């Protein structure tokens, strides 16, 4: 035997199938209000999807031993992870002991260390470039400048710039580590579309997960309170 939920209407008891339950119009209003609130929660939850940001170097110059840096990387604030690092610096020539030495261009594609406040990228030649941000990166994107240094311990600091080992330009010989600082430039952050996200699909941020949990609990509580029975 089946039971049906009938909403409102001028029905006589004999008009209803056996076991039916009449849900009066006034009883649907609280349910509609709860559905509206749940809808707002759902929209807020969707806004909580984690979307990585691609940060592109813009107008970045290096000195001394003048040069430039270009390229980009992806950073996800919610997971604290870097990906798609692709930074290139131009080569340069300098004098040492009256001898002209040429240092080749560097291509950085690996993560050496990093947080939302800085990135140190490396390459197969053991060279590194450190970018220290004027403010922590966020998934909102926008424009971020560079800071000259960052304190990472009670007495330890990181300095922004590029560091190239002797082996790059004096194989088997002695020589100083070549370093040059970032003198100007900035980062431009652009939110990636879902299809371009590193993981292939977006993941919920912590806020999104919390809101989704509230939404599911609210829906379950609503169903328990209505007392509407739709089946035997």
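Below, the figures for the structure above:
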item	result
Residue 83-residue 124 pseudo-label distance in nm [points 7 Å out on the Cα-to-Cβ vector]	2.3 nm
Residue 150/residue 98 FRET efficiency (R0 45 Å; Cβ-Cβ; nearest 0.05)	0.75
With 5 Å bins from 0: P(r) over segment 88-141, alpha-carbon pairs, percent	5, 16, 19, 17, 16, 12, 8, 4, 2, 1, 0
Segment 50-201: C-alpha pair distances exceeding 25 Å, %	31 percent
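Rule-based calculations on the coordinates, nothing more; no lab input. Because the structure is a prediction, the values reported are computed rather than measured. Cβ: placed from backbone, ideal geometry, glycine included. Neighbour counts: every protein chain shown.
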